[in-house]
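These notes concern the structure reproduced below.
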Amino acid sequence: MSFDRVRPASACVSLIAILLGAWAVQAGAQALPAKAPSVAGAVRSAADLPQLRSLLVSWRGELILEHHAPGVRASRPANVKSVSKSVISTLVGIALHRKLIKGLDEPVVSYFPELRRDPDRRKAMITIEDLLTMRSGLESTSGGNYGAWVTSSNWVRAVLSRPMVSEPGTTMEYSTGSSHLLSAILTRAARMSTWQFAQTALAKPLGISLARWPRDPQGIYFGGNEMLMTPRQMIAYGELYLNGGRRGTTQIVPENWVDTTCRPRTVSRWDPDRRYGYGWWMRDFAGETACFAWGYGGQYVFVFDTLDLVIAVTSSTAVSEERRGYRRALFQLIEQDVIAPLVLHASS
């Protein structure tokens, strides 16, 4: 990825790390591979987070921690919510490389000619890139508008009929509808469903299989929510980005797409520390930059390029992660119980 720095050399594991690793196994975490730093403290912290369902940590391509809350089956797919938007971005990158989509600057009116009849001419100026960066200018279908949108008879038409609240390509307006338009575009461009395209172009080369997820009334797979992935599949997906779009010697996603995806294009109007690229977020944790996929309730795939680190988190989808300080506590766990030991290990 484009923000690579020199990666730390490995060091011998200390006696303390070995003892903590043994404790982690007793606590239900996966055994640590030889020479891996201990992140057993994350298991203790996870036990204090009732919303957390699964926490997996992969370092240098090896799973050094796998923790699941009591009653959570590792093989059961989780609803990853808006992590789906990042997957849609990946599929767009593949479609661009295969020339199924002409380019990022292609106007979406090419796929939705009805926009030519809309009295607001700005809608005909919306591009593929505007949808990827949430800068279409269309009023959001998320938040308070979400319920009415997903109960409408035609989701695509409902998105396109939204009033313009800003000029295309200017202000970020987080909207699941924008990602759903991308799913509709992929369906038309690839001449197959988004699920079929995801299976053949992404999942199969990655060595996984994606479960079917909900569709809109016209049969278009939901483009920004409700995808299903197991925590290990989330790790595999994150490692794909960590490795520049490759699995082994197979280039699944173009390397330049991975690079450009994790380049900030805009920021959240709710929090300027949350930077947004093409369907992926960026944020600093303890001085290390993560490019991450993020879903409601606390579903995450974190990719720390400089640390050779991927973290997958699944959480309860029943409540917002803003309740009871869950997000703050989760981020603190990542900084103190995962990143700090890795940095210490690198410097020892």
Residue identified as of a type in the set (Lys, Arg) and within 29 Å of PRO264 (Cβ to Cβ) among ARG116, ARG122: ARG122
Residues of the stretch 93-113 satisfying the condition of being out of contact with any helix residue (DSSP H, G or I) (no Cβ under 8 Å at 6 or more places or on another chain) and either surrounded by 19 or more Cβ atoms within 10 Å (Cβ to Cβ) or among the hydroxyl-bearing types (Ser, Thr, Tyr) (or both): SER110
Yes/no for THR90 being farther than 24 Å from THR171 by Cβ and crowded, with 17+ Cβ neighbours inside 10 Å: yes
Any hit, the stretch 114-124, residues being buried (at least 16 other Cβ atoms within 10 Å of the Cβ), without any contact (Cβ under 8 Å) to a residue 24 or more places away in the chain, part of a helix (DSSP H, G or I) and not assigned by TED's automatic domain parsing to the domain that holds ASP271: yes
Residue identified as basic (Lys, Arg) and under 22 Å from VAL80 (Cα atoms) among ARG274, ARG269, ARG263: ARG274
Lone unmet requirement of (1) within 16 Å of ILE235 (Cβ to Cβ); (2) out of contact with any helix residue (DSSP H, G or I) (no Cβ under 6 Å at 6 or more places or on another chain); (3) not hydroxyl-bearing (Ser, Thr, Tyr) for PRO50: (1)
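Could you check how many residues of the stretch 99-113 are part of a loop (DSSP other than H, G, I, E, B) and among the hydrophobic types (A, V, I, L, M, F, W, C)?
4
Is it true that ILE235 is modelled with pLDDT of 95 or more and in a helix (DSSP H, G or I)?
It is true that ILE235 is modelled with pLDDT of 95 or more and in a helix (DSSP H, G or I).
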Pairs with Cβ under 6 Å, 6+ apart, first in the stretch 138-157 and of a type in the set (D, E, K, R), second surrounded by 15 or more Cβ atoms within 10 Å (Cβ to Cβ) and part of a loop (DSSP other than H, G, I, E, B): GLU139/ARG162
Qualifying residue in the stretch 304-321 (condition: part of a helix (DSSP H, G or I) and aromatic (Phe, Trp, Tyr)): no
Some residue of the stretch 255-262 being on the phi > 0 side of the Ramachandran plot and either not in a helix (DSSP H, G or I) or not assigned by TED's automatic domain parsing to the domain that holds THR314 (or both): no
Residue under evaluation PHE285, criteria (1) out of contact with any helix residue (DSSP H, G or I) (no Cβ under 7 Å at 6 or more places or on another chain); (2) over 21 Å from MET227 (Cβ atoms), criterion not met: (1)
Residues being surrounded by 23 or more Cβ atoms within 10 Å (Cβ to Cβ) and either in contact with a helix residue (DSSP H, G or I) (Cβ under 6 Å, 6 or more places away or on another chain) or of a type in the set (A, V, I, L, M) (or both) - total across the stretch 315-332: 1
Test: residue in the stretch 296-306 that is more than 16 Å from the chain's Cα centre (by Cα) and charged (D, E, K, R): no
Test: residue in the stretch 81-98 that is touching a His at 6+ places or on another chain (Cβ under 9 Å) and outside any strand (DSSP E or B): yes
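The values are calculated or read from the model by the stated rules, or taken from the named source; none is laboratory data. Note that this is a predicted model, so its numbers are computed, not measured. In this analysis, Cβ positions are derived from the backbone assuming ideal geometry, glycine residues included, and neighbour counts consider all displayed protein chains.
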